[in-house]
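Participant: Take a look at this one; I'll ask things after.
The values are calculated or read from the model by the stated rules, or taken from the named source; none is laboratory data. Just so you know, these numbers come straight off a predicted model, no measurement behind them. Reconstructed Cβ throughout: ideal geometry from the backbone, glycine too, with neighbour counts over all protein chains shown.
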Amino acid sequence: MKHRLILAALLASTTLTGCGLLVVGGAAATTAVVATDRRTTGEQVEDKTIVMKAGAETRRLLENKEGRINTTSYAGVALLTGDVPTQADKEEAARLVSKVDKVTRVVNELRVGEPTPLSVRSNDSWITTRVSTALLNAKDVPSRTISTTTERGVVYLLGRVTREEGERAAIAASSVPGVNKVAKLFEYVSAESLAQPLSTNNQPSNSSGTAAPAAEPAPASSVEVMPVQ
């Protein structure tokens, strides 16, 4: 009975906060998604499914090998971070994840080499926590729609934001001690589209029956990097 009560409390907490950690293959604290975001319910479910399926594929790839692959997904954009033994493993990981249903793009940030020490990964988790707090406290930054992942001091920001919001978020993240650089993987939308209620009119629909705000054309580079001064 005691175990049932604990499980019920945990489930209730998750339901009330709306928090979800979309990460596979590494410490859960390394990636944070806070409360409600601008994805539709269908997109959020799809992202969780992407992470689970991608994790299964990459675990099979690294079976009997030294390495780790973390998958983070936001609105179908799959970010791969971690360490793999060879360049061939890096390329194969991206290929496998690109085949997962609902994945629209793979950002392959895997590092070829020896596994990252536990001490470094622990520090990355701490940085992620500090960045999430900085975003929450920053003015005019929609922290509830931004996912943060840290790998060897590089902070990756994913989310659906305006360009102004994305710039403010990157500045806030870069101010955190220990951050080497900030990589923006945002899906940019207009302020006008955010002001409109979600509807299916003239928008591609998803499994939730609603549509997300219209995105601006993607930049030529998939990763915008802000060096830390």
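Participant: When both residues are 6+ apart or on different chains and their Cβ atoms are under 6 Å apart, which pairs have a first residue that lies in the range 44-55 and is within 18 Å of Ile146 (Cβ to Cβ) and free of Cβ contacts under 8 Å to residues at least 40 places away in the same chain, and a second that is among the charged types (D, E, K, R) and assigned to a helix (DSSP H, G or I)?
Facilitator: Taking only residues 6 or more apart or on different chains, not a single pair turns up.
Participant: Please enumerate the residues belonging to the range 108-119 that are of a type in the set (A, V, I, L, M) and surrounded by 13 or more Cβ atoms within 10 Å (Cβ to Cβ).
Facilitator: Listed by number, the residues that qualify are Leu110, Val112.
Participant: Among the residues of the range 155-185, how many are within 24 Å of Leu110 (Cα to Cα) and without any contact (Cβ under 8 Å) to a residue 40 or more places away in the chain? Spell out the reasoning first.
Facilitator: So in the range 155-185, the residues within 24 Å of Leu110 (Cα to Cα) come out as 155-160, 166, 169-170, 173-174, 176-185.
The next check asks that each one be without any contact (Cβ under 8 Å) to a residue 40 or more places away in the chain; those that pass are 155, 157, 166, 169.
Count: 4.
Participant: Then there's this: Would you mind stating whether Arg144 is modelled with pLDDT under 95, in a helix (DSSP H, G or I) and either surrounded by 15 or more Cβ atoms within 10 Å (Cβ to Cβ) or of a type outside the set (Ser, Thr, Tyr) (or both)?
Facilitator: Values: modelled with pLDDT under 95: yes; in a helix (DSSP H, G or I): yes; either surrounded by 15 or more Cβ atoms within 10 Å (Cβ to Cβ) or of a type outside the set (Ser, Thr, Tyr) (or both): yes.
Yes, satisfied.
Participant: Evaluate the following for Ser174: is it farther than 24 Å from Arg39 by Cα and surrounded by 15 or more Cβ atoms within 10 Å (Cβ to Cβ)?
Facilitator: On the way: farther than 24 Å from Arg39 by Cα: yes; surrounded by 15 or more Cβ atoms within 10 Å (Cβ to Cβ): yes.
Answer is yes for this residue.
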